[in-house]
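> Once you've had a glance at the structure underneath, I'll fire off some questions.
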Amino acid sequence: MITGIVVALLEELGTLTAVKMTKGKCTFIKDNVLVAYSGAGAENAQRAAQLLIDNGANQLVSWGCAAAIAVGLKPGDLVLAASVLTADHDSIVIDKIWHNTCQSLLSHQLTMHTGQLLESKHLVATSQEKQQLNLASSAIALDMESAAVAQIAQQHQVPFLVLRAIADPVEMDLPSAISHSLNSAGDVEIGKLLLFLASHPSQTLGLIKLGWHFQAAKNTLKQVATQLDAIVNFNATTPFA
């Protein structure tokens with residue numbers, strides 16, 4: 001059994017492996033774990049998931065950070081989604097055995113939420129928009145990649161799992177410096193960020209706060225990574241009690 005893991009951002013990739021990777025490519029980090037560094041967004045994630053399948057993966061994981069859109073989710077909380085809702089309102093249910101196994105394995109170590117994860121086609125920056133999306137969908141969190149990975153898993157009839165840590169809570173407005181410094185690949189360009197901050201110094205505190213939240217999310221993902229062998233071998237072991 002080969003597990004394929006899609007990771008969008010370089011910072012998220014660092015929580016899983018120290019292996020140097022090229023965006024758009026995949027690499028084995030263990031004999032049975034193949035990781036694809038996709039870049040941000042649904043199209044990149046879809047290509048990465050298909051690449052993993054083409055290279056022998058027979059179960060898929062979406063790994064990284066997410067934004068909370070429901071009250072009560074804090075930075076660093078783990079989202080082990082029970083289902084994924086696409087932007088077209090199609091619901092894709094997560095493999096129940098895999099989900100339940102991971103819930104039993106991780107719930108005593110981490111603060112965990114198991115509701116629905118929503119797909120977003122763009123960066124959701126304001127608390128108001130997050131709350132509106134929650135009311136419209138009943139989802140608890142969102143990201144830009146998991147639904148695309150789920151659709152590839154569904155097409156190939158392979159198990160799928162979401163492991164996402166909250167980086168920004170529902171009540172937080174993202175600093176506008178983030179959206180101003182993103183390039184077409186969804187990456188933050190440091191030059192653009194510094195230039196924007198030079199003319200908008202009031203944004204600095206918000207970026208520092210977001211950095212703290214992102215670090216909490218990364219710490220959670222690193223903790224999950226210590227259990228990676230047990231997570232990916234769920235079909236080969238007795239379910240955890």
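The values are calculated or read from the model by the stated rules, or taken from the named source; none is laboratory data. Here the structure is a predicted model, which means the values were calculated and not measured. Positions of Cβ are backbone-derived with ideal geometry, glycine not excepted, and every protein chain shown enters the neighbour counts.
> What pairs come out if I take residues in the stretch 78-99 that are of a type in the set (K, R) and pair them with residues that are at pLDDT 95 or above whose C-beta lies under 9 Å away, six or more apart or interchain?
Close Cβ pairs satisfying both conditions: K96/A82.
> Here is a further query. Here's a check for you: in the stretch 149-165, which residue that is among the hydrophobic types (A, V, I, L, M, F, W, C), touching a helix residue (DSSP H, G or I) at 6+ places or on another chain (Cβ under 8 Å) and within 16 Å of T3 (Cβ to Cβ) is surrounded by the most Cβ atoms within 10 Å (Cβ to Cβ)?
V149
> Does G4 satisfy the criteria of being modelled with pLDDT of 95 or more, surrounded by 24 or more Cβ atoms within 10 Å (Cβ to Cβ) and not aromatic (F, W, Y)?
Against the criterion (modelled with pLDDT of 95 or more, surrounded by 24 or more Cβ atoms within 10 Å (Cβ to Cβ) and not aromatic (F, W, Y)), G4 qualifies.
> Quick one: which of I5, I53, I29 is in a strand (DSSP E or B) and over 16 Å from the mean Cα position of the chain (by Cα)?
I29
> Here is a follow-up. Go through the stretch 46-77 and give me each residue that's on the phi > 0 side of the Ramachandran plot and surrounded by fewer than 24 Cβ atoms within 10 Å (Cβ to Cβ).
Correct list: G56, G72, G76.
> Now for a different question. Taking K23 as meeting all but one of (1) assigned to a loop (DSSP other than H, G, I, E, B); (2) crowded, with 24+ Cβ neighbours inside 10 Å; (3) not hydrophobic (A, V, I, L, M, F, W, C), write down the number of the exception.
Failing condition for K23: (2).
> For the stretch 133-241, please list each of the helices (runs of 4 or more DSSP H) lying entirely inside it that holds at least 3 residues being farther than 28 Å from L52 by Cβ and modelled with pLDDT under 80.
On the way: elements: 146-156, 176-181, 190-199, 204-225, 228-232.
Counting at least 3 such residues, we get 176-181, 190-199, 204-225.
Here's the yes/no breakdown for (1) within 12 Å of the chain's Cα centre (by Cα); (2) within 22 Å of M172 (Cα to Cα); (3) basic (K, R); (4) modelled with pLDDT of 95 or more:
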position: N44; (1), (2), (3), (4): no, no, no, no
position: A48; (1), (2), (3), (4): no, no, no, yes
position: V61; (1), (2), (3), (4): yes, no, no, yes
position: A70; (1), (2), (3), (4): no, yes, no, yes
position: K74; (1), (2), (3), (4): no, yes, yes, yes
position: A82; (1), (2), (3), (4): no, no, no, yes
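> Residue under question is H99, and the condition is that it be part of a loop (DSSP other than H, G, I, E, B) and of a type outside the set (S, T, N, Q); does it hold?
no
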